[in-house]
Amino acid sequence: MNDRDRVLSTIRRALGRGEASAERLRGVRERLARPPANPVPARAQVSPDRQVEMFAAMAAEVASTVVRVPTPADVPAAVASYLVQHEPPPGLVAAPALEGACDWAAAGLAPRFANAGPEDQAAVVPAFAGVAETGTLVLLSAPDTPTGLNFLPDTHVVVLAARDIVGTYEEAWRRIRALPTGMPRTVNMVTGPSRTGDIEQTIQLGAHGPRRLHIVIVDG
Amino acid sequence: MLPTSHAFREGARRALDDAALQQALGMLKTGFRVKRGVAARRMPEFEQLRDVARDLKNHTLDNLDLYLEAFEAKVVEQGGKVHWCRDAASARQVILDICRAAGARTVTKSKSMVAEEIALNPFLERHAVEPIETDLGEYIIQLRDEPPSHIIAPAIHLNRRHVADAFMANHRDLPPERPLDEPRQLLDEARAVLRQRFLAADVGITGANLLIAETGSVALVTNEGNADLTMTLPRVHIVLTGIEKVVPTLDDAMTVLRLLARSATGQEFSSYTTFVAGPRRPGDLDGPEQFHVVLLDNGRSNMLGGEFQDMLRCIRCAACLNHCPVYGAAGGHAYGWVYSGPMGSVLTPALVGLEEAHHLPNASSLCGRCEAVCPMRIPLPKMLRHWREREFERHLPPLRARAALRLWAWLARRPALYRLFADAGMAGLAWLARRRGGRFAKLPLAGGWTRARDLPAPQGRTFLSQWAAGKRRP
Ligand code: SF4
């Protein structure tokens with residue numbers, strides 16, 4: 001008997017049954033095909049405007065910084081004015097998905113549109129959604145939004161449309177399940193910059209991932 | 001690691017004399033404990049979510065074979081591979097074979113208690129594969145060649161000077177006169193050293209916080225982001241985890257995750273919660289070429305259907321450790337294996353055997369705080385009692401202790417006689433104590449108590465006789 005059969009048969013024996021009955025199997029398949037909704041916190045069941053405010057407040061609590069701009073055309077200037085506080089522009093890399101999205105050169109930025117390499121100091125990426133409940137960003141992997149951008153550079157800048165802010169994680173999953181491309185390989189839920197409490201139980205930012213996280217919310 | 005749980009008493013005694021450890025454990029009270037309370041109170045649905053999480057996990061365990069098969073099918077569908085391992089030896093071999101096939105020289109690892117359970121690091125080292133821990137706490141204890149002392153804060157027993165010494169001794173190519181007094185300097189040095197290891201690694205090994213049957217995804221939670229670098233950069237990603245980690249759907253996962261960070265560190269949500277499924281896809285610019293999930297049984301399936309099944313709901317949040325007065329005094333190393341605190345005292349005997357670990361279920365005052373905070377509502381004190389019963393049945397306690405217990409049980413089943421003895425005993429003690437200021441500094445048969453503190457003498461009459469007399473208020 002191989003290990004797979006052995007483990008499965010021990011499980012069945014311990015549960016006091018053999019192979020599951022057709023009815024049991026149907027129950028499990030049904031639960032997987034149509035996930036029942038569990039209770040969710042009431043705190044984020046508010047109007048879309050309030051959700052955007054809650055998102056920003058919760059993000060700030062975990063040491064993210066947040067700005068709001070009126071239109072997508074304002075994003076490059078907002079990114080540029082944030083970056084001058086921290087990084088020299090040469091190390092800037094951006095998700096290929098953002099290449100045609102706005103006029104970066106007009107704001108004096110010349111990002112590489114690629115995955116992040118070890119030398120890159122700052123990355124700009126688009127968010128799929130924001131979750132108001134905890135100020136959490138939902139970032140999906142795809143050929144034009146590689147995962148490495150979210151973890152290698154010191155500075156992580158995320159562009160998020162206000163209309164993509166939802167109340168709960170479950171609402172974000174509903175939107176992901178509805179994607180024509182199916183479930184992405186990687187879904188990163190990001191809540192603040194990297195941190196650790198491993199030395200004397202004291203929180204410090206910038207452990208292995210980004211030292212700082214800046215979120216640009218686009219209202220229009 | 002080889003268990004040394006039989007030496008719990010000696011380990012605990014050493015721990016009490018270790019000033020640095022005692023200082024670190026003292027911080028639990030103002031740190032994790034307070035923060036958990038604040039986070040739980042801030043979410044009015046917290047208690048309700050605990051019920052939902054318990055029930056959904058019970059349902060999963062009752063159908064564990066089906067959910068594991070569903071999970072496997074989804075992983076395979078996305079180009080990944082699932083390896084079933086009945087014990088530690090088989091899991092170690094599977095992992096080594098994957099590493100060898102990939103020609104791996106170095107392996108980055110993100111914190112995995114299951115990897116500690118199967119003693120993966122020494123095995124890989126013996127076979128010329130170098131494992132590098134990347135969670136900061138795990139990295140520090142790897143340099144010091146120590147086991148973790150806490151399931152989510154493995155280096156909690158150390159202070160900054162221990163860390164500085166470990167870095168000085170191991171980071172030999174850095175200038176010896178560099179300043180390493182501040183936690184910031186220590187963290188920056190670890191970040192720089194480990195960044196190179198991340199980039200060079202051939203294989204990345206992570207644990208899993210949850211497996212999701214609906215999608216074949218593995219959910220991983222960290223604050224540092226080390227799990228993400230571990231799984232994204234190398235050519236091969238191996239997930240090593242226990243069979244009990246599966247949940248049905250993404251919705252179920254979110255219910256459990258809402259409890260996890262709040263119970264563990266008091267955070268609303270950890271910095272990074274990642275759901276990953278399968279290897280790199282066509283057109284992807286990063287991600288591993290191979291995606292393996294190693295599902296470890298190692299005694300877990302035997303816990304199903306019996307008095308210890310509830311333990312399989314555990315999500316390794318460490319709330320029970322953080323709130324345990326015994327863990328808070330003895331620390332994690334005294335428990336002698338990977339898992340410590342109340343959850344360790346229940347799990348260790350099940351996984352390594354009661355002969356080795358029979359002291360652990362006794363290392364508890366059964367105060368019940370662990371069950372009160374456990375997000376998965378695991379009845380830890382009840383299970384500790386089950387182990388004590390089994391210990392008694394197997395004649396593991398010393399003869400004198402068993403005889404005393406048997407005598408007490410005999411008396412306790414005869415209420416009239418019991419009361420007679422209790423009344424007489426109390427009166428005797430009270431009489432004796434009158435000449436000693438109401439306290440005993442020493443008392444025959446109570447040396448374990450009086451070694452560290454006085455025994456206050458009984459005052460007045462027994463509770464039962466007061467009750468019988470209708471005196472229900474002091
Ligand atoms: S037993 Fe409960 S409190 Fe302890 S680690 Fe497991 S889930 Fe957390």
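Key figures for this structure:
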| quantity | calculated |
| --- | --- |
| The range B:203-209 - phi-based ³J(HN,Hα) in whole Hz, Karplus 6.51/-1.76/1.60, Gly and Pro as x | 9, x, 10, 10, x, 8, 7 |
| Debye, to nearest 20: dipole size of the range B:338-474, +1 on Lys, Arg Cβ, -1 on Asp, Glu Cβ | 820 |
| Over chain A: helical MRE at 222 nm, DSSP H runs n ≥ 4 each giving -39500 (n - 2.57), nearest 500 | -7500 deg cm²/dmol |
| Cut-off 12 Å between beta-carbons: net charge of the residues surrounding B:M231, Lys and Arg +1, Asp and Glu -1 | +2 |
| Amide H contacts of B:L210 (H built 1.01 Å from N, under 5 Å, at least 5 apart or other chain) | B:A219 |
| Directionally averaged shadow of the protein assembly as shown, computed from the convex hull of its alpha-carbon atoms, nm² | 35.5 |
| Calculated over chain B: convex hull of Cα atoms, volume per residue (Å³) | 181 |
| Over the range B:411-472, equivalent-ellipsoid semi-axes from the Cα gyration tensor in Å | 24, 15, 10 |
| The range B:301-374 - charge dipole about Cα centre, Lys and Arg +1 at Cβ, Asp and Glu -1, debye rounded to 20 | 240 |
| Cα gyration tensor shape of chain A, rounded if a/c is under 1.5, else prolate or oblate by comparing a/b with b/c | prolate |
| Chain A: most fluctuating residue of A:E30, A:E171, A:E53 per GNM, C-alpha cutoff 10 Å | A:E30 |
| Charge dipole (the range B:31-296, unit charges on Cβ, about Cα centre) - positive-most of B:P147, B:A213, B:F71 | B:P147 |
| Likely footprinting exposure, A:L213, B:L16, fewest C-beta neighbours within 10 Å first | B:L16, A:L213 |
| For A:R212, residues with placed amide H under 5 Å, excluding near neighbours | A:H156 |
| Cα shape, the range A:116-176, gyration tensor, a/c 1.5 rule | prolate |
| Sequence of B:D286, A:D49, B:D65 once ranked by neighbouring C-beta atoms within 10 Å, starting from the fewest | A:D49, B:D286, B:D65 |
| Environment charge of A:A142, counting only residues whose C-beta is closer than 13 Å and scoring Lys/Arg +1, Asp/Glu -1 | 0 |
| Within chain B, longest stretch free of exposed GluC sites (Glu not before Pro) [DSSP loop, at most 16 other beta carbons within 10 Å] | B:308-474 |
| Chain B, dipole about Cα centre (Lys/Arg Cβ +1, Asp/Glu Cβ -1), debye to the nearest 20 | 3240 |
| Residue order, fewest to most beta carbons within 10 Å, for B:T249, A:T181 | A:T181, B:T249 |
| Phi to ³J(HN,Hα) by Karplus 6.51 cos²θ - 1.76 cosθ + 1.60 over the range A:60-71, Hz, x for Gly, Pro | 5, 4, 9, 6, 7, 10, 9, 10, 10, 10, x, 9 |
| Positive-end residue of B:W467, B:M1, B:T450, charge dipole of chain B with Cβ unit charges | B:W467 |
| Mean ellipticity per residue at 222 nm, deg cm²/dmol - from DSSP H runs of n ≥ 4 across chain B, formula -39500 (n - 2.57) | -15000 deg cm²/dmol |
| Interchain or long-range residues, amide H under 5 Å from A:A129's placed H | A:V138 |
| Cys residues of the protein assembly as shown counted as unpaired, since no other Cys beta-carbon is under 4.7 Å | A:C102, B:C85, B:C99, B:C314, B:C317, B:C324, B:C367, B:C374 |
| Unit charges at the beta carbon, dipole of chain A: most positive-side option, A:V69, A:N115, A:Q45 | A:Q45 |
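Bear in mind these aren't lab numbers, they're just calculated from the coordinates by the rules spelled out. Since the structure is predicted, the reported quantities are computational estimates derived from the model, not experimental observations. Methodologically, a virtual Cβ is constructed for each residue, glycine included, from the backbone with ideal geometry; neighbour enumeration extends over all protein chains shown.
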